[in-house]
Amino acid sequence: MIKRAEELQREVRKEMLGGQGDVTLVHLLQGEEFQGKGRLFSHNIINPGCSVGFHQHNGDVEAYYVLKGQGVFDDNGAKSTVLAGDLLFTKDGEAHSLVNEGPETLELIALVLYS
């Protein structure tokens, strides 16, 4: 199967999980394609000044792979600058957020799998 770029569902989430501004998600897999193993696999685009709000994971884990730009990742209260090529991982029961404080878009692949 091939999914062409124009066939992928795009979604804009306003104030995603309590964050600022808008985050665009390009869904790479959906629904039954996860075969019960997860719920999100997307290319996320975060504009300057926008963010994914601080939230806790319960029953799942999340990985972000940064493709472009830079941001500030809050990993259970510890904040660090992250850059393209970094992998951010949040375990079940942990919490995180991500803010684009850079001058260009912050782009990442997000994957949420069930624990």
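The values are calculated or read from the model by the stated rules, or taken from the named source; none is laboratory data. Since we're looking at a predicted model, the values are computed, not measured. As a convention, Cβ positions derive from the backbone with ideal geometry for all residues, glycine included, and neighbour counts pool all protein chains shown.
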Per the filter on segment 73-95, residues among the aliphatic types (A, V, I, L, M) and assigned to a loop (DSSP other than H, G, I, E, B) are Ala84
Within segment 57-115, which residues are in contact (Cβ under 8 Å) with a residue 12 or more places away in the chain, over 17 Å from Leu40 (Cα atoms), surrounded by fewer than 14 Cβ atoms within 10 Å (Cβ to Cβ) and among the aliphatic types (A, V, I, L, M)? Leu83, Ala84
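Which residue out of Gly36, Gly49 is closer than 29 Å to Lys3 by Cα, at pLDDT 95 or above and not in a strand (DSSP E or B)? Before the answer, list the steps.
Values: Gly49 fails: closer than 29 Å to Lys3 by Cα.
Of Gly36, Gly49, the one residue that is closer than 29 Å to Lys3 by Cα, at pLDDT 95 or above and not in a strand (DSSP E or B) is Gly36.
On the basis of being closer than 13 Å to Ala110 by Cα and buried (at least 16 other Cβ atoms within 10 Å of the Cβ), does Phe54 make the cut?
Numbers: closer than 13 Å to Ala110 by Cα: no; buried (at least 16 other Cβ atoms within 10 Å of the Cβ): yes.
Criteria not met by Phe54.
Give the residue that is nearest to Gly19 (Cα to Cα), with candidates limited to residues of segment 96-115 that are assigned to a strand (DSSP E or B) and among the β-branched types (Val, Ile, Thr).
Applying the first criterion (assigned to a strand (DSSP E or B)) to segment 96-115 yields 96-99, 106-114.
Filter once more, so that each one left must be among the β-branched types (Val, Ile, Thr): 99, 109, 112.
Values: Val99: 8, Ile109: 18, Val112: 18 Å.
Selected residue: Val99.
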